[in-house]
Amino acid sequence: MTLEVRPVEELSEFTDGVLAIGQYFGMVANEERMQRFADQLPFERMHGAWSDGTVVGGAGAFEFNLTVPGGDLRTAGATVVGVLPTHRRRGVLRALMRAQLDDAHERGEPLAALWASEETIYGRFGYGLASFCGEVSVPHEHNSFAQPFEPQGTLRLIESDEALEAIPPVFERIRLDWPGMFSRSRLWWENREIADPEERRDGAGPKRWVALERDGSLEGYAVYRHKPGFEAGTTNAELRVLEALGTTPEALRDLWAYLLAIDWIATVKSSLLPPDHALFMLLATPRRARYRMGDGLWVRLLDVGAALSGRSYQGDDPIVFDVSDDFCPWNEGRWKLEGGRAERSKEEPDLRLPVQSLGSAFLGGVSFAALRRAGRLAELKEGAIARATRSSAGTAIPGAPRSSEVPIRVRPATQAMMTLIGFRFDPWRRGRRRQSRHRRRM
Ligand SMILES: CC(C)(COP(=O)(O)OP(=O)(O)OC[C@H]1O[C@@H](n2cnc3c(N)ncnc32)[C@H](O)[C@@H]1OP(=O)(O)O)[C@@H](O)C(=O)NCCC(=O)NCCS
């Protein structure tokens with residue numbers, strides 16, 4: 001099979017590239033929707049793979065800034081990755097990943113990141129599991145909080161046009177404090193957060209935006225949908241919380257108290273919550289909430305030196321890493337991290353690890369000690385893990401503190417798009433993940 005991989009050059013090629021994954025979800029290409037998507041994903045960031053003149057695979061990369069401890073870094077957000085079933089397991093994905101990661105590296109993006117549809121796919125391309133998150137489901141009768149409190153703010157339902165103006169600045173403040181969150185452009189807000197087409201509702205009602213204000217300023221917000229239902233004379237309705245964010249702990253608490261108390265709801269559901277989310281400490285009976293945790297964000301260091309130098313550290317213990325990286329060999333070798341900067345080094349290494357493990361530890365969500373326990377790194381000098389931990393400790397557990405949804409009918413594109421930033425499959429409709437028969441390489 002001959003294979004040509006290059007960026008798409010026009011909307012028809014872009015559409016074919018997206019359809020490579022879209023067809024798995026019954027996607028029907030629609031020019032207007034594709035154009036809207038292309039507005040967010042420029043042609044030059046969408047690679048296609050051609051075999052005998054036909055597009056048989058595609059892979060896109062959004063341009064984001066990812067929050068890291070102490071700042072944020074340019075990041076290639078992998079999305080719409082797919083290969084036609086007629087051409088699977090012949091190296092098309094590998095060729096696409098090669099082109100995509102080389103391109104991002106040439107653009108000077110120190111990181112790549114994604115949400116994976118299957119955990120087994122991306123480790124071989126150097127991605128490390130950097131955060132955990134999951135879906136929560138809280139029955140209405142178990143919505144009490146562990147401690148009494150006086151609500152501090154005022155809640156007000158707002159329309160989407162007001163939300164579009166008022167919410168993004170609050171989101172930006174919050175996301176910069178939370179490693180693992182991504183920047184959202186104005187277009188992203190318009191097309192992805194505010195837009196609410198029928199096909200994305202998955203049987204539920206429209207988005208409801210609620211603003212939490214205190215002393216005249218916006219301190220948090222939530223966006224949710226009602227999924228009404230009635231069975232055996234009583235409600236079995238769901239409240240689907242898509243996102244609930246507060247600038248202060250009190251704001252977050254008040255928002256969740258509001259959401260959990262809404263009448264006529266049997267269950268409040270949300271997803272992509274990290275295991276240290278405040279909700280679990282707020283609830284009086286957290287064991288009554290069902291929580292299914294899984295992998296969250298996957299991070300790939302494209303430029304080890306720039307990435308390690310681009311975040312902050314709590315301590316200043318020098319540490320020398322010996323990094324292996326089959327897929328991006330320019331990263332291989334010894335890197336000394338000292339004074340917040342990483343440079344090439346000839347010194348004896350303290351830790352030996354694959355680039356995947358560095359990606360796992362990068363946001364602070366997976367400790368070096370945990371990686372060691374899982375056999376994902378070697379401690380070459382006594383005390384090296386403790387020193388590395390002192391340096392990088394103290395960061396928040398990364399995660400996307402939001403929920404997400406995937407439309408039934410738009411599943412094709414969106415589910416692929418979800419590969420990044422908070423758009424995921426609807427966890428309640430997905431059922432069990434297929435157990436992969438493939439061996440994982442990392
Ligand atoms: C997953 C998918 C992109 C793989 O494409 P492909 O062209 O068959 O992959 P390749 O032939 O390039 O395989 C590269 C390697 O990944 C492995 N691999 C491929 N798909 C895999 C999977 N689903 N699980 C585990 N390993 C997988 C291959 O075995 C191969 O391993 P090797 O390096 O040991 O040889 C393709 O099957 C697909 O489009 N699936 C449905 C959509 C999807 O899940 N997309 C990913 C969105 S996050």
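The values are calculated or read from the model by the stated rules, or taken from the named source; none is laboratory data. Here the structure is a predicted model, which is why all the values come from computation and not from measurement. Note: ideal-geometry Cβ built from the backbone for every residue, glycine included; neighbour counts use all protein chains shown.
Within region 306-334, the set of residues being part of a loop (DSSP other than H, G, I, E, B) and of a type in the set (Ser, Thr, Tyr) comprises SER312, TYR313. The residue of region 93-114 that is nearest to the ligand (Cβ to nearest atom), among those that are surrounded by fewer than 24 Cβ atoms within 10 Å (Cβ to Cβ) and of a type in the set (A, V, I, L, M, F, W, C), is LEU93. May I ask you to verify whether LEU337 is assigned by TED's automatic domain parsing to the domain that holds ALA99, within 21 Å of LYS381 (Cβ to Cβ) and of a type in the set (A, V, I, L, M, F, W, C)? The answer is no for LEU337. Restricting to region 4-29, name every residue that is assigned to a strand (DSSP E or B) and either more than 12 Å from the ligand (Cβ to nearest atom) or touching a Pro at 6+ places or on another chain (Cβ under 9 Å) (or both). Selection gives GLU4, ARG6, PRO7. Just to be sure before I move on: is LEU252 assigned to a helix (DSSP H, G or I) and either assigned by TED's automatic domain parsing to the domain that holds GLU213 or of a type in the set (Val, Ile, Thr) (or both) in the structure I sent? In short, yes. Considering region 354-388, and only residues there that are more than 24 Å from the chain's Cα centre (by Cα) and outside any helix (DSSP H, G or I), the residue that is nearest to GLN314 (Cα to Cα) turns out to be GLY383. Of the residues making up region 241-279, those that are under 20 Å from MET293 (Cα atoms) and either surrounded by fewer than 17 Cβ atoms within 10 Å (Cβ to Cβ) or of a type in the set (S, T, N, Q) (or both) are THR267, SER270, SER271, PRO275, ASP276, ALA278. Just the residues that are crowded, with 21+ Cβ neighbours inside 10 Å and under 23 Å from GLY339 (Cβ atoms), please, taken from region 300-315. The answer is LEU301, LEU302, VAL304, ALA307, LEU308, GLY310, ARG311, TYR313. In this structure, does SER137 turn out to be surrounded by 15 or more Cβ atoms within 10 Å (Cβ to Cβ), at pLDDT 95 or above, among the polar types (S, T, N, Q) and under 30 Å from GLY220 (Cβ atoms)? When the stated conditions are applied, SER137 passes them. Within region 30-43, if we keep just the residues that are within 25 Å of the chain's Cα centre (by Cα) and assigned to a loop (DSSP other than H, G, I, E, B), the residue that is farthest from the ligand (Cβ to nearest atom) turns out to be PRO42. Against the conditions (1) among the small types (Gly, Ala, Ser); (2) more than 21 Å from TYR224 (Cα to Cα); (3) touching an Asp or Glu at 6+ places or on another chain (Cβ under 8 Å), ALA266 satisfies every one except (2). Within the set ALA204, ALA211, the sole residue that is assigned by TED's automatic domain parsing to the domain that holds ALA163 and in a loop (DSSP other than H, G, I, E, B) turns out to be ALA204.
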